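What follows is one structure encoded as structure tokens, with my remarks underneath.
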Amino acid sequence: MQIEFYGATSGITGSCHILRANGETVLLDCGLIQGRREEMEKNRRPFPFSPGDISAVVLSHGHIDHSGRIPLLVKQGYQGPIYAQNATMELCDILLQDSAYLQEKDAQYENKWRKRKGKPFIDPLYTVADAREALDKLVGLKYREKREILPGISIRFQDAGHILGSTSVEVWLNENGKQRKIVFSGDLGQYDTPILNDPAVIDEADHVIVESTYGNRRHRDRQNTIDEIGDIIREAAHQRGNLLIPAFSIGRSQEILYYLGQNYDEWELGRWQVFLDSPMAIRASKVYWDYPHLYDEEATKLRKKIHEMPHLQNLKLTESPQESMAINRIKSGAIIISASGMCTGGRIVHHLKHNISRSGAHIMIVGYQANGTLGRALVDGKSPVRIHGDEYRVKAQIHTVGGLSAHADVDDLTRWLSSFRNSYPHIHVVHGEPESKQDFRDRLASEVGFKASVPEPGDVLEL
């Protein structure tokens, strides 16, 4: 029995690990590497294993840094099932086809440049057809449903509280009369997050693979964060500018809409035009609306009071490119929620081009910004910034709202792991920047008493 550590060991994206037992091989996640261009080029490298040798794939949740290379895995020979929580299946139908569409467009754009330079053309990493073939292999499971997926290997999904359908995965490995239990945290959410339940308690394991995105940081108090959003909206209204909110299509966009609906009167939102300008976020919001049984108690009560999705009188869902482009004719009074969350592509980039050099405009950063992204450059106060090859002076006011992260902070992570005190598993810290992983490992050893380590890419652990 073995664990092999691959993706999200040297960085924060590209989640991918292998479990071996009883002659079978299970892949936990198969995520896309994101960030700088040179980082994303790593997605074209061969997998460090043979896709055809994988017996089953277990997917923790739909985000592309956890699911985004599954179509490539299938394209290169994987033929087995892909197990996911039921809501994750629906979100992957949106995410993977969108990712494939972007891969095709990026290849077309690159090949135009290559044609001018006389260089050989490239193929897209995978196509929409590849994504659809992968989607046909998805097998849905409910939370808390234990299932033997291979001889001697069983899994159970527990709610991770990160996005709709996100899971922490319990895995039981049996070989030659011996059993080992591995728990893979997936991405854990904050406690007391709106809409979603808290991360489920798991109290027993031999080994835990845990994320550490915020392994050395604490989030701001949530009520203070909500108050700050209200202050930003009032300031933008006073200065008669637009308010841009780069937001991840799944999770963050729905949370922002939830807060706007909750505080509609207090924040005087009737004076604004509110746009959800992301086809993916619009489709994902409808999936959220169709899964009320996965909501927390507060969201369940709100859901029972209203019958339309979502509860904002002046919200406009702009699906077509023409509707999106029309927004940029508005000089003031627009709240624009648009992807991508790190400003690395999508419609938000076009809205930034039209607003970033306006002194009355405001940009509210509400999520993690990886190194090398435009969002990170804005957070770091850089000016000018480069967008689509041109430089733009940053005159808009940049606000970083830290309390809305869908990721658990260091206290949340420690709280979740504390449930394992009686079994004292070995903790393997992944999915974080190097300093974050090392600091969290040291905290677990010194304050909680767990044996903890930070695996390197390609490390193999004999169980």
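The values are calculated or read from the model by the stated rules, or taken from the named source; none is laboratory data. Here the structure is a predicted model, which is why all the values come from computation and not from measurement. Because the Cβ atoms are built from the backbone with ideal geometry, glycine has one as well, and the counts that use them run over all protein chains shown. The protein model used for the area step is the full one, side chains on, heavy atoms only, and it has no ligands, DNA or RNA in it. Shrake-Rupley method; radii C 1.70, N 1.55, O 1.52, S 1.80 Å.
S154 is checked against (1) modelled with pLDDT under 95; (2) outside any loop (DSSP other than H, G, I, E, B) and fails just one. What number does that condition carry? Among (1) modelled with pLDDT under 95; (2) outside any loop (DSSP other than H, G, I, E, B), the lone unmet condition for S154 is (1). Scanning segment 372-403 for residues that are under 26 Å from I250 (Cα atoms), in a loop (DSSP other than H, G, I, E, B) and open to solvent by 60 Å² or more (accessible area, probe 1.4 Å) returns D380, H388. Can you pull out every residue in segment 362-373 that is touching a Leu at 6+ places or on another chain (Cβ under 9 Å) and either polar (S, T, N, Q) or at pLDDT below 95 (or both)? Passing the criteria: V366, G367, Q369. I'm trying to understand the selection: among the residues of segment 1-13, which are open to solvent by less than 20 Å² (accessible area, probe 1.4 Å) and at pLDDT 95 or above? Scanning segment 1-13 gives I3, E4, F5.
Test of understanding: among A406, A396, which residue is at pLDDT 95 or above and not basic (K, R)? Unique residue meeting the criteria: A396.
When residues in segment 431-463 are screened for being part of a strand (DSSP E or B) and either within 30 Å of Q223 (Cα to Cα) or free of Cβ contacts under 8 Å to residues at least 12 places away in the same chain (or both), 0 of them pass. Every residue in segment 4-39 that is closer than 26 Å to R376 by Cβ, touching a residue at least 60 places away in the same chain (Cβ under 8 Å) and of a type in the set (V, I, T), please. Selection gives T9, I12, T13. Residues that are more than 27 Å from D98 (Cα to Cα), at pLDDT 95 or above and crowded, with 18+ Cβ neighbours inside 10 Å do occur in segment 350-361. If you go through segment 232-258 and pick out every residue that is closer than 12 Å to V401 by Cβ, modelled with pLDDT of 95 or more and surrounded by fewer than 24 Cβ atoms within 10 Å (Cβ to Cβ), you end up with 2. Just one of (1) over 23 Å from Y78 (Cα atoms); (2) modelled with pLDDT of 95 or more; (3) of a type in the set (A, V, I, L, M) fails for A134. It is (1).
Rundown of residues vs (1) of a type in the set (D, E, K, R); (2) farther than 30 Å from L243 by Cα; (3) more than 21 Å from the chain's Cα centre (by Cα), yes/no style:
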| site | (1), (2), (3) |
| --- | --- |
| K382 | yes, no, yes |
| V385 | no, no, yes |
| E391 | yes, no, yes |
| T400 | no, no, no |
| A406 | no, no, no |
| D409 | yes, no, no |
| T414 | no, yes, no |
| N422 | no, yes, yes |
| V429 | no, yes, no |
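Residues checked against (1) among the charged types (D, E, K, R); (2) in contact (Cβ under 8 Å) with a residue 40 or more places away in the chain; (3) in contact with a Ser or Thr (Cβ under 9 Å, 6 or more places away or on another chain):
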position: E41; (1), (2), (3): yes, no, no
position: G52; (1), (2), (3): no, no, no
position: S55; (1), (2), (3): no, yes, yes
position: A84; (1), (2), (3): no, yes, yes
position: A87; (1), (2), (3): no, yes, yes
position: R114; (1), (2), (3): yes, no, no
position: Y126; (1), (2), (3): no, yes, yes
position: D136; (1), (2), (3): yes, no, no
position: E145; (1), (2), (3): yes, no, no
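Output the qualifying pairs, or none if there are none: Cβ atoms under 7 angstrom, residues six or more apart or on different chains, first residue in segment 395-413 and closer than 17 Å to L378 by Cβ and in contact (Cβ under 8 Å) with a residue 12 or more places away in the chain, second residue open to solvent by 40 Å² or more (accessible area, probe 1.4 Å) and of a type in the set (K, R). Going by the 7 Å Cβ cut-off, the qualifying pairs are K395/R358; A396/R358; G402/R220. Has segment 137-145 got at least one residue that is part of a strand (DSSP E or B), touching an Asp or Glu at 6+ places or on another chain (Cβ under 8 Å) and among the aromatic types (F, W, Y)? No.
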